[in-house]
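Worksheet: one structure, shown below.
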Amino acid sequence: MRGIGTFLATFGIGVATYIAIADSGGGAPVCIAGGHGCQTVAESSYSHLAGVDVAVFGIAGYVLLLCCALLRGDGARIAGFALSLVGFGFSLYLTYLELFTIDAICQWCVASAVLMTLLFVTNAIRMLGYVGTER
Amino acid sequence: MSGREARREERLRAEERDGASERRQRMVKLGSAAAFLGLAVVAVLIVVSQSQSGGKVEHASEVNRELHDIPQSGMVLGRPSAKVTVLEFADLQCPVCQGYSEDVLPQVIENQVRGGEARLEFRNFTIIGPESKPAGAAAIAAGEQGRGWNFVEIFYRSQGSENSSYVTDEFLTAVARAAGVPDIARWNAERDSRRVLEEVADSKSQAESLGFTGTPSFAVEGPGASGLEPLGTPESAGALESAISGAG
């Protein structure tokens, strides 16, 4: 589980960093499959939280999740579970906004939401399966 | 192994099992508390996100795409060399102006502004209510950074009900950001400046001096016109285009 978590979190750091760099300076990530969904989402007022790009929060979250995956013990298991739950819940909210409020889909945001979902599943299995054990 | 030793070993194993079970139960409780905390954090993030969104900013990329290759200077859209200048006196809160921006002006922009025959200047005629002035000032400040028309068009597409308190700092900032205003701090300072607020008041006075009483009202100036000719509110894009051609 720790290996899977490490892989997913590292991949997530890459995706979130790309979105943050593309968004900085008024730009937007380039949708690989074409279309203007990424630009529309980046221009939306929901792309910033308290003046900070949401992708920056994503980078911080993935870095913390990477640390949890690299560390052993119950503390890392519980922290990883709680952090991935926050990431998963907020990703659900952002996906809802894309579908029903902004009316545009950004492939990079979807990729991040999928990674966060997988991290939540991984961390939930890690906590429920191994917390309180010697492993 | 004697019976006594076997019983002792059995007891130790049972204690170890109980201890592990107790530890696991404690950790599962801690995990549940962490889950609760995680959900609380998600709720807080959603509340913050909703409270600062300040309304829905719509169709920004569509507007930015439509305007991206047309020169802008201040609140003027079009080439400086254009022979005819069309002044639009409008209120950003006005739903009729919004309708004009979506149904009438695109044809004029496509046929006569993009081609270099005319240039279109937005001027504030703030008659709807107190929220119109900060909206107009914000548009002028966006114009200072070459994004005035993007601001106006995105504002119209995100417009709320008249004087419904939707023109908040958050809403204006969201529109400015969506319009691609590069320096938001400078825009913030300029939209509150005396110079910009006076410009809003002056253009209102000019509209009144031209005899306008409603928005949007248009005036045209060009070699074929005698000075600044008030047009009022042309009924269609065709009528406005004819007036532009006549002034050219």
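The values are calculated or read from the model by the stated rules, or taken from the named source; none is laboratory data. Quantities reported herein were computed from a predicted structural model and do not represent experimental measurements. Cβ: placed from backbone, ideal geometry, glycine included. Neighbour counts: every protein chain shown.
If I ask for residues that are at pLDDT below 90, surrounded by fewer than 15 Cβ atoms within 10 Å (Cβ to Cβ) and not polar (S, T, N, Q), which ones from the stretch B:225-242 would you list?
Matches in the stretch B:225-242: B:G227, B:E235.
Which residue, of A:S44, A:S112, A:S84, is in contact with a Phe, Trp or Tyr (Cβ under 9 Å, 6 or more places away or on another chain), crowded, with 23+ Cβ neighbours inside 10 Å, among the polar types (S, T, N, Q) and within 18 Å of A:D23 (Cα to Cα)?
On the way: A:S44 fails: in contact with a Phe, Trp or Tyr (Cβ under 9 Å, 6 or more places away or on another chain); A:S84 fails: within 18 Å of A:D23 (Cα to Cα).
That would be A:S112, the only listed residue that is in contact with a Phe, Trp or Tyr (Cβ under 9 Å, 6 or more places away or on another chain), crowded, with 23+ Cβ neighbours inside 10 Å, among the polar types (S, T, N, Q) and within 18 Å of A:D23 (Cα to Cα).
Take B:W149 and tell me if it is aromatic (F, W, Y) and either in contact with a strand residue (DSSP E or B) (Cβ under 9 Å, 6 or more places away or on another chain) or closer than 28 Å to B:S209 by Cα (or both).
For B:W149, the condition - aromatic (F, W, Y) and either in contact with a strand residue (DSSP E or B) (Cβ under 9 Å, 6 or more places away or on another chain) or closer than 28 Å to B:S209 by Cα (or both) - is met.
Given the criteria outside any helix (DSSP H, G or I) and facing chain A (nearest Cβ under 9 Å), does B:V42 qualify?
Numbers: outside any helix (DSSP H, G or I): no; facing chain A (nearest Cβ under 9 Å): yes.
Taking the combined requirement at face value, the residue does not satisfy it.
Any chance the stretch B:131-150 includes a residue that's of a type in the set (S, T, Y) and within 27 Å of B:S51 (Cβ to Cβ)?
Within the stretch B:131-150, one or more residues are of a type in the set (S, T, Y) and within 27 Å of B:S51 (Cβ to Cβ).
If you scan the stretch A:93-118, which residues turn out to be among the aliphatic types (A, V, I, L, M), over 10 Å from the mean Cα position of the chain (by Cα) and under 19 Å from B:A40 (Cβ atoms)?
A:L94 - this is the single residue of the stretch A:93-118 that is among the aliphatic types (A, V, I, L, M), over 10 Å from the mean Cα position of the chain (by Cα) and under 19 Å from B:A40 (Cβ atoms).
In a loop (DSSP other than H, G, I, E, B), modelled with pLDDT under 95, in contact with a helix residue (DSSP H, G or I) (Cβ under 9 Å, 6 or more places away or on another chain) and surrounded by fewer than 18 Cβ atoms within 10 Å (Cβ to Cβ): is that true of B:S165 in this structure?
On the way: in a loop (DSSP other than H, G, I, E, B): yes; modelled with pLDDT under 95: yes; in contact with a helix residue (DSSP H, G or I) (Cβ under 9 Å, 6 or more places away or on another chain): no; surrounded by fewer than 18 Cβ atoms within 10 Å (Cβ to Cβ): yes.
Taking the combined requirement at face value, the residue does not satisfy it.
How about the stretch B:199-240: which of its residues are assigned to a helix (DSSP H, G or I) and within 28 Å of the chain's Cα centre (by Cα)? So that I can check it myself, show each step before the final result.
So in the stretch B:199-240, the residues assigned to a helix (DSSP H, G or I) come out as B:199-209, B:237-240.
Selection gives B:E199, B:V200, B:A201, B:D202, B:S203, B:K204, B:S205, B:Q206, B:A207, B:E208, B:A237, B:L240.
Looking at the stretch B:174-184, which of its residues are more than 19 Å from B:I70 (Cα to Cα) and either away from every other protein chain (no Cβ under 13 Å) or at pLDDT 90 or above (or both)? Full working, then the answer.
Of the residues in the stretch B:174-184, the ones more than 19 Å from B:I70 (Cα to Cα) are B:174-175, B:177, B:183-184.
Answer for the stretch B:174-184, where residues must be more than 19 Å from B:I70 (Cα to Cα) and either away from every other protein chain (no Cβ under 13 Å) or at pLDDT 90 or above (or both): just B:V175.
From the list B:S61, B:S51, B:S101, B:S81, pick out the single residue that is closer than 23 Å to B:L231 by Cβ and part of a helix (DSSP H, G or I).
B:S101
Might you check whether a residue that is crowded, with 23+ Cβ neighbours inside 10 Å, within 18 Å of B:V57 (Cα to Cα) and more than 10 Å from every other protein chain (Cβ to nearest Cβ) occurs anywhere in the stretch A:59-70? Step through it out loud before you land on a result.
Initially, the stretch A:59-70 is screened for residues crowded, with 23+ Cβ neighbours inside 10 Å, giving A:61-62, A:65, A:68-69.
After this cut, where a residue has to be within 18 Å of B:V57 (Cα to Cα) as well, the list is none.
No, the stretch A:59-70 contains no residue that is crowded, with 23+ Cβ neighbours inside 10 Å, within 18 Å of B:V57 (Cα to Cα) and more than 10 Å from every other protein chain (Cβ to nearest Cβ).
Here is a yes/no grid of residues against (1) out of contact with any strand residue (DSSP E or B) (no Cβ under 8 Å at 6 or more places or on another chain); (2) at pLDDT 95 or above; (3) over 19 Å from B:G238 (Cα atoms):
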residue: B:P80; (1), (2), (3): no, no, yes
residue: B:P106; (1), (2), (3): yes, no, no
residue: B:N111; (1), (2), (3): yes, no, no
residue: B:G115; (1), (2), (3): yes, no, no
residue: B:L120; (1), (2), (3): no, yes, no
residue: B:R123; (1), (2), (3): no, yes, yes
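Counting only residues that are crowded, with 17+ Cβ neighbours inside 10 Å and at the interface with chain A (Cβ under 8 Å from one of its Cβ atoms), which one in the stretch B:59-76 is modelled with the highest pLDDT?
Among residues in the stretch B:59-76 that are crowded, with 17+ Cβ neighbours inside 10 Å and at the interface with chain A (Cβ under 8 Å from one of its Cβ atoms), the one modelled with the highest pLDDT is B:N64.
Right, B:Q145: of a type in the set (S, T, N, Q), under 15 Å from B:G74 (Cα atoms) and not in a helix (DSSP H, G or I) or not?
Considered against the rule, which asks whether it is of a type in the set (S, T, N, Q), under 15 Å from B:G74 (Cα atoms) and not in a helix (DSSP H, G or I), B:Q145 comes out as yes.
Does the stretch A:14-25 include one or more residues that are within 14 Å of chain B (Cβ to nearest Cβ), within 24 Å of B:A174 (Cβ to Cβ) and either surrounded by fewer than 17 Cβ atoms within 10 Å (Cβ to Cβ) or at pLDDT below 75 (or both)?
There is at least one residue in the stretch A:14-25 that is within 14 Å of chain B (Cβ to nearest Cβ), within 24 Å of B:A174 (Cβ to Cβ) and either surrounded by fewer than 17 Cβ atoms within 10 Å (Cβ to Cβ) or at pLDDT below 75 (or both).
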